[in-house]
Amino acid sequence: MSRLGTETAFEVLNRARALERQGKDIIHLEIGEPDFDTPKNIVEAGVDALRAGWTHYGPSAGFPELRDAIAEEVSRTRDVKVAPEEVVVVPGGKPIIFFSILALIDEGDEVIYPNPGFPIYESMIHYVGARAVPIRLREEKDFSLDVDELATLISDRTRLIILNSPHNPTGGMLAKLDLEQITEAIGERNVMVLSDEIYSRLIFEGQQHSIISEPGFKERTILLDGFSKTYAMTGWRMGYGVMRADLAAQVARLMTNSNSCTSSFTQRAGVEALRGDQQSVEQMCAEFRRRRDAFVAGLDRIKGFSCRIPKGAFYVFPNITATGWKSKALADALLDEIGVACLAGTSFGEFGEGYLRFSIANSMENLQRALERISSWATKTL
Ligand SMILES: Cc1ncc(COP(=O)(O)O)c(C=O)c1O
């Protein structure tokens, strides 16, 4: 258990809440969940399902209708033919990370993962006793990935490469050319790819490209996507993996051994989410874009802060090296001194030093208040 890591966002949230109990006014820019309500049509579908008795166990891999809807959605959006047997429905995106690593990785194997990156990757790699091999995402490459660098990290022991696009915490994205070059770098090696695409519908520029669409990579990819971010359904707990049918059967068995199944009424709401009106997704995305533009422009005006423009997801990841402060010390100071909760870049791995992560899943008004506080703090302190 000592090898298992965690997600700092929840710890910072607890600290911020403790300060609130002491009467402090905190602006929450630490947690990565949409501040919007789940769209009404989806809530209604969930409530109807509860009333109609969808309150029992279901199949471990998910109900056929939802697996069909997901297979259709992924086939359409990733331009690849996906069958329902290749889909496993799980409680959130995270279990796909957990189960893929449990299923595929032995002690001593190597897993390459983005750093800075979602902390659960490194945590799980360590947990199973594998070697975590970070690929550094560089600001000068707009936080995509240097494929030459990746090529030097692939060894005979590499079993899995984790990709995440759009990327948490940087908002970087992988271009089609990046993906083509990654497939070349992998070549004929026995390496699988876990492609975390949980932010695939929250894109401000360009479009989603997935390695699953590359020739020969459908069999070698586990695609992770879900409902938490796209449909503001974080608390419903539902996500999915798309993978080879034989691997899907094993992951379903891990579901039988852990959760039994994803909540039945949630899955009914999931069918509505995918097949119903998509207007709310477009509205949320447009609002995130508006906030991104305002927040990036505001931070860029503050002494010591400079920002790349995130292309997707809902985070802003400014470079703060010119402040002369370390990431963790700065994040702590902003919370303790001016009540702005954000995360140190180092919450996402060692290569996050020199950065902060702000979640823009808060109102424009609160984002403007946060900018004012940070700006006057920087003028006074730096
Ligand atoms: C990159 C990434 N993958 C997976 C997840 C997990 O999402 P879920 O809440 O659906 O488990 C998150 C959530 O923050 C994330 O940022």
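The values are calculated or read from the model by the stated rules, or taken from the named source; none is laboratory data. Note that the coordinates shown come from a computational prediction; the quantities given were computed from them, not determined experimentally. All Cβ positions, even for glycine, are placed from backbone atoms using ideal geometry, and neighbour counts span all protein chains on display. Calculation scope for accessible area: heavy atoms of the full protein, side chains included, ligands and nucleic acids excluded. Shrake-Rupley method; radii C 1.70, N 1.55, O 1.52, S 1.80 Å.
For the chain, what % of the accessible area comes from carbon and sulfur atoms, probe 1.4 Å? It is 48 percent, rounded to a whole number.
If you take all other residues with their beta carbon under 10 Å from the beta carbon of Asn164, and give Lys and Arg +1 and Asp and Glu -1, the sum is -2.
Neighbours of Gly226 by Cβ distance under 13 Å: Lys/Arg scored +1, Asp/Glu scored -1, total -1.
Evaluated at 37 °C with a viscosity of 0.692 mPa s, what Stokes-Einstein diffusion coefficient in µm²/s does region 312-353 have when Rh comes from the Kirkwood expression over alpha-carbon pairs? All intermediate terms of the calculation are to be shown ahead of the outcome.
On the way: Rh = 10.8 Å.
The estimated diffusion coefficient comes to 303 µm²/s.
Mind grabbing the base-10 log of I(q)/I(0) for region 129-277 at q = 0.14 Å⁻¹? Debye formula, identical points on the C-alpha positions, no solvent, two decimal places. Log10 of I(q)/I(0), two decimals: -0.78.
Globularity index of the chain is 0.97 (Cα radius of gyration / 2.2 N^0.38 Å, N = number of residues).
Take the Kirkwood radius over Cα pairs of region 272-345, plug it into Stokes-Einstein at 25 °C and 0.890 mPa s, and you get 173 µm²/s for translational diffusion.
Among Asp156, Asp68, Asp148, the sequence by solvent-accessible area, most first, with a 1.4 Å probe is Asp156, Asp148, Asp68.
Given a 1.4 Å probe and the protein chains as shown, Thr55 ends up with an accessible area of around 80 Å². Which aspartates and glutamates have a Cα lying under 14 Å from the Cα of Lys81, excluding residues fewer than 8 positions away in the same chain? Within reach: Asp68, Glu72, Glu73, Glu214, Glu219. Charge tally for Val74 (other residues, Cβ to Cβ under 10 Å; Lys, Arg +1; Asp, Glu -1): -3. Relative intensity of region 250-382 on a log10 scale, I(q)/I(0) at q = 0.12, 0.14, 0.15 Å⁻¹, equals -0.61, -0.73, -0.78, per a Debye sum over C-alpha point scatterers of equal strength in the absence of solvent. For Lys24, the lysines whose Cα comes closer than 23 Å to its Cα, not counting residues fewer than 8 places off in the same chain, are Lys328, Lys380. Each principal axis of the Cα atoms in region 1-140 has its own extent, and those three values, largest first, are 49, 42, 37 angstrom. Accessible surface area normalised per residue over region 253-310 is 47 Å², counting heavy atoms of protein chains with a 1.4 Å rolling probe.
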